[in-house]
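This report concerns only the one structure given below.
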Amino acid sequence: MEHLNVPPPQHVKVLGGQGWIGLIDHLGSEATIVNAARVSFGKLKQEMEERDVKLLDYLLANRHTSPLEHVVFTFSVHCPLFVRGQWHRHRTWSYNEISRRYTEIDMEFYVPPELRRQSDDNRQASFSDPNFDGAALRGEIDAHNQKSLALYNHLLEAGVCREQARGVLPQNMMVTFWGTVNLGNLIHFLDLRDSDHAQSEIREYAQAIKLLIKPIVPHVADYLIRNGGTEW
């Protein structure tokens, strides 16, 4: 049996290689979207033509998003707990996650490749400072992670149950979960999470999602870029 922490064949590494996101499966295509929009005519198409692309543009421009909901993606995500916490605020996704109630294998901890400074005028913002040398502080983060892991293992060896022992593990612990979402809700997720207002770490995952799904929905990606979206 493969460990859940192993990335699938089709994946993108993020966070300096410490995290990744993979496309596990998908249902539907851009032809599915236009077929759903034209369902009242009782006809199905397998390939996109110019008039279909125009219809797709019309649907997106006028926010007729229900046809997009017939295209569905399932991702496997390996990320720090604090990124998982932000992700799970998007309740339109369906989630299943590895549980530390059942296993203590493959314990990993995230150490930021770079430490950013806090914005002076925005509590939710940070910025990169080339004059800020965080090497020593990164070492302290790593030492803290390992000390937390040692305490966790000590608790287990002393007979403490996993569901309580896991409480000492830090927010930098890596977790793996599956997330399934339809294209309409995924576009909303990407609009929020690949934004200057989003935390840098989760933004890397949003940008990776775009790389994974662009070959499946190229005209959707092109429309969003042409209308002020960030690059795919």
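Where a number appears in this text, it was derived from the coordinates with a stated rule and is not lab data. This one's a predicted model, so the numbers in the text were calculated from it and none came from an experiment. FYI the Cβ positions are ideal-geometry reconstructions off the backbone, even for glycines, and counts take in every protein chain you see.
Taking the stated definitions as given, is Asn185 under 30 Å from Asp25 (Cα atoms), outside any strand (DSSP E or B) and not charged (D, E, K, R)? Criteria met by Asn185.
Going by what's in this entry, would Leu190 be described as within 27 Å of Gly16 (Cβ to Cβ), part of a helix (DSSP H, G or I) and out of contact with any helix residue (DSSP H, G or I) (no Cβ under 8 Å at 6 or more places or on another chain)? No; evaluated as a whole, the condition is false for this residue. When restricted to residues that are in a helix (DSSP H, G or I), surrounded by 12 or more Cβ atoms within 10 Å (Cβ to Cβ) and in contact (Cβ under 8 Å) with a residue 60 or more places away in the chain, region 113-164 contains 1. Taken together, the residues in region 193-203 that are in contact (Cβ under 8 Å) with a residue 24 or more places away in the chain, part of a loop (DSSP other than H, G, I, E, B) and surrounded by fewer than 21 Cβ atoms within 10 Å (Cβ to Cβ) amount to 3. Note on region 204-232: residues that are part of a helix (DSSP H, G or I) and surrounded by 16 or more Cβ atoms within 10 Å (Cβ to Cβ) total 15. Can you find a residue in region 36-49 that is of a type in the set (Gly, Ala, Ser), farther than 20 Å from Ala208 by Cα and crowded, with 16+ Cβ neighbours inside 10 Å? Yes, region 36-49 contains at least one residue that is of a type in the set (Gly, Ala, Ser), farther than 20 Å from Ala208 by Cα and crowded, with 16+ Cβ neighbours inside 10 Å. Checking every residue in region 76-88 against the condition of being free of Cβ contacts under 8 Å to residues at least 60 places away in the same chain and farther than 29 Å from Cys161 by Cβ gives zero matches.
Does region 9-27 hold any residues that are within 20 Å of Glu69 (Cβ to Cβ) and surrounded by fewer than 20 Cβ atoms within 10 Å (Cβ to Cβ), and which are they? Scanning region 9-27 gives Ile24, Asp25, His26, Leu27. None of Tyr95, Tyr110, Tyr102 is loosely packed, with under 12 Cβ neighbours inside 10 Å and in contact (Cβ under 8 Å) with a residue 60 or more places away in the chain except Tyr102. Taking (1) touching a Phe, Trp or Tyr at 6+ places or on another chain (Cβ under 9 Å); (2) surrounded by 14 or more Cβ atoms within 10 Å (Cβ to Cβ); (3) in contact (Cβ under 8 Å) with a residue 60 or more places away in the chain; (4) not aliphatic (A, V, I, L, M) in turn, Gln171 satisfies each apart from (2).
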